[in-house]
Amino acid sequence: MIDGKMLKVSASPHTRSKTTTKSIMLDVIIAMIPSLVASVVIFGLRALLLTVVSVAACVFFEWAMRKFVLKKNCTVGDLSAVVTGMLLAFNVPSGLPIWMLVVGDAFAIIIVKQCFGGIGQNFVNPAIAGRIFMLLSFGQMMKWTQPLAGIMNLTGVEALTGATPLVAAPEELPSMLDMFLGVRGGCLGETCIAAILAGGLYLIARKVIRPLIPVSYILTVAVIMLIAGKGDFEYVARQLMSGGLCLGAIFMATDYTTSPINTKGKIIFGIGCGLFTCLIRLFGSLPEGVSYSIILMNVLTPLIERATTPKPFGTPKKEKKAKGETA
Amino acid sequence: MAENKSLAREFSKGIIKENPVLRLVLGTCPTLATSVSVTNSIGMGIAATLVLICSNVVISALRKIIPSKIRIPAYIVVIASFVTIVQMLVKAFVPALNDALGVYLPLIVVNCIILGRAEAFAGKNSVPASFLDGLGMGIGFTFALVVMATVREVLGSGSFLDGINSLTRLFGVESFTGFHNILSDPIGIFIMAPGGFLVFGLIMALANKVAEGKGKPKAELGGCAACPMAKSCALIDSKDGCPSTVKEGSAE
């Protein structure tokens, strides 16, 4: 009846979760595999080359920073650098010269992540910061590669460039099915909506992310675009599937470090991202605003946290001071 | 002998140990604005150094005449006179530089390095010491600007010393116009404001490492002598030091 285990008395905690940073990051990597496969099919083997180089560069910079500059424990094993490398590669067009991607990796890992203290300390998502760094620096970031140019397309130089669906003329627009499957110009990981959704569902099923931020983000964009498009649902669907909206909403906006913790905060975060994305798309001079809106909300996250900190049960309500009362 | 040694220190402290930009964090605005190209930053550095030396000498010479209650307006008048002279000279001899620096040339009047040295040093020290202090601080400012501009211009524009002939023209050399196409695809962010802050932060970290690595004391902006509370402070020059000692980073 009574075995040895039941008689042991130990201090709390008594149940431990098996979840570790490494297991979470591994789940995120698994969730990104469908997008990686889709990008190789759509843009050729160069997509794989860019992803592998980006991951290798991120891991190297992380290791080198921890070992030689900060002289702290090595954090390569938690796989967070691998996730950053993959995400950053998903955010570039396949024709981008490789050294530019490595410069972006260096900025993301060395400046944004390690200079602020490493994993869990970065104030914005490193992958988004790296993307914006490249976007501001290199014109090649806006040159989309034409899809289905052949799987052996390793150089990316001969690839044709076309306009993103956000700015293309009506007759050049890809069909709805093409947009859902990702057969259009764009960054590596952002075009295939089907693969991104599959990855997102996996993350939600594994309870790695809660669907609050992606759903509130995408819904906000849908509602605003429905108003802006005067009730045209095809316009709304195009807006939702073009640009990096789905990739950003599912993989970038849900970063633990740079998004709020509790339910109310997450919804405010998602709505804010959607609002700024729409403002930039509709009124800004840029065709795309997902990365800027997410980085803006990243910076606002501490303020959202402060406003939404829950009141512990049983503590008295803050009473408003009556007028004219002298304390 | 001791006199010479301390004078030499007044000169050398401005270059790294108390570098006005990198260690005292003064004059940040012109630093970020003019370090886009090396030519501009050399011009800005020379202009600011000239104003700094002249105003330091004059303010030091007049320090017993200027009443302490209105010293700031008096300093500003002296500094503004020299800035006007320098601006007229630049307009006459290097018009290209005048166009490139724009409003930042007249803004030397309110440059915190120059006012800071007048307040913290020239108003309390002899003329030769103030001259050397101004020279050292000016060289330190120019040095920091040129280092920052080198990084930003090479990475951001892919050129080095672009348009230098507008300066060397004064000495009769016009053919050399700088190095171009160092990078075929320059990293554009470095000539924008975010790149400026990025380079500024990294170089500041490096300067702190260099200055502190040698076991030198942390930079102070004149200690108790420069403190506005000095007259009513009970802890003045006490060994415990005051709780709000003006240390590096907090000086602006």
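The values are calculated or read from the model by the stated rules, or taken from the named source; none is laboratory data. Predicted, not measured: the structure shown is a model, and the values here were computed from it. Neighbour counts are summed over all protein chains in view; Cβ atoms, including those assigned to glycine, are modelled from backbone coordinates with ideal geometry.
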* To do: Could you check, for region B:168-177, whether at least one of its residues is more than 14 Å from chain A (Cβ to nearest Cβ) and either within 23 Å of residue A:107 (Cα to Cα) or in contact (Cβ under 8 Å) with a residue 60 or more places away in the chain (or both)?
  => yes
* Residue check, residue A:137 farther than 28 Å from residue B:153 by Cβ and either small (Gly, Ala, Ser) or in contact with a strand residue (DSSP E or B) (Cβ under 6 Å, 6 or more places away or on another chain) (or both) -> no
* Asked: Give me the pairs: first residue in region A:220-233 and free of Cβ contacts under 8 Å to residues at least 24 places away in the same chain, second residue outside any helix (DSSP H, G or I), beta-carbon distance under 9 Å, and six or more apart or on different chains, which are they?
  -> A:226/A:232
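This table checks each residue for (1) surrounded by fewer than 16 Cβ atoms within 10 Å (Cβ to Cβ); (2) at pLDDT 75 or above; (3) not aliphatic (A, V, I, L, M).
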{"residue": "A:80", "(1), (2), (3)": "no, yes, yes"}
{"residue": "A:94", "(1), (2), (3)": "no, yes, yes"}
{"residue": "A:100", "(1), (2), (3)": "no, yes, no"}
{"residue": "A:106", "(1), (2), (3)": "no, yes, no"}
{"residue": "A:118", "(1), (2), (3)": "no, yes, yes"}
{"residue": "A:132", "(1), (2), (3)": "no, yes, no"}
{"residue": "A:138", "(1), (2), (3)": "no, yes, yes"}
{"residue": "A:154", "(1), (2), (3)": "yes, no, no"}
{"residue": "A:168", "(1), (2), (3)": "no, no, no"}
* Take the residues in region B:10-56 that are among the charged types (D, E, K, R) and touching a Lys or Arg at 6+ places or on another chain (Cβ under 9 Å), then tell me which one is surrounded by the fewest Cβ atoms within 10 Å (Cβ to Cβ). => B:17
* To do: Please specify each residue of region A:111-128 satisfying the condition of being outside any helix (DSSP H, G or I) and more than 13 Å from chain B (Cβ to nearest Cβ).
  => A:117, A:118, A:119, A:120, A:121, A:122, A:123, A:125
* With (1) out of contact with any strand residue (DSSP E or B) (no Cβ under 9 Å at 6 or more places or on another chain); (2) part of a loop (DSSP other than H, G, I, E, B); (3) surrounded by 20 or more Cβ atoms within 10 Å (Cβ to Cβ) as the list, and residue A:313 as the residue in question, which single condition is left unmet? -> (3)
* Candidate set from region B:195-212 (those that are modelled with pLDDT of 90 or more and surrounded by fewer than 16 Cβ atoms within 10 Å (Cβ to Cβ)); member that is farthest from the other protein chains (Cβ to nearest Cβ) -> B:197
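A quick yes/no check of all residues on (1) more than 19 Å from the chain's Cα centre (by Cα); (2) within 14 Å of chain B (Cβ to nearest Cβ); (3) assigned to a helix (DSSP H, G or I); (4) more than 21 Å from residue A:26 (Cβ to Cβ):
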{"residue": "A:39", "(1), (2), (3), (4)": "no, no, yes, no"}
{"residue": "A:60", "(1), (2), (3), (4)": "yes, no, yes, no"}
{"residue": "A:72", "(1), (2), (3), (4)": "yes, no, no, yes"}
{"residue": "A:82", "(1), (2), (3), (4)": "no, no, yes, no"}
{"residue": "A:94", "(1), (2), (3), (4)": "no, no, no, yes"}
{"residue": "A:109", "(1), (2), (3), (4)": "no, no, yes, no"}
{"residue": "A:130", "(1), (2), (3), (4)": "no, yes, yes, yes"}
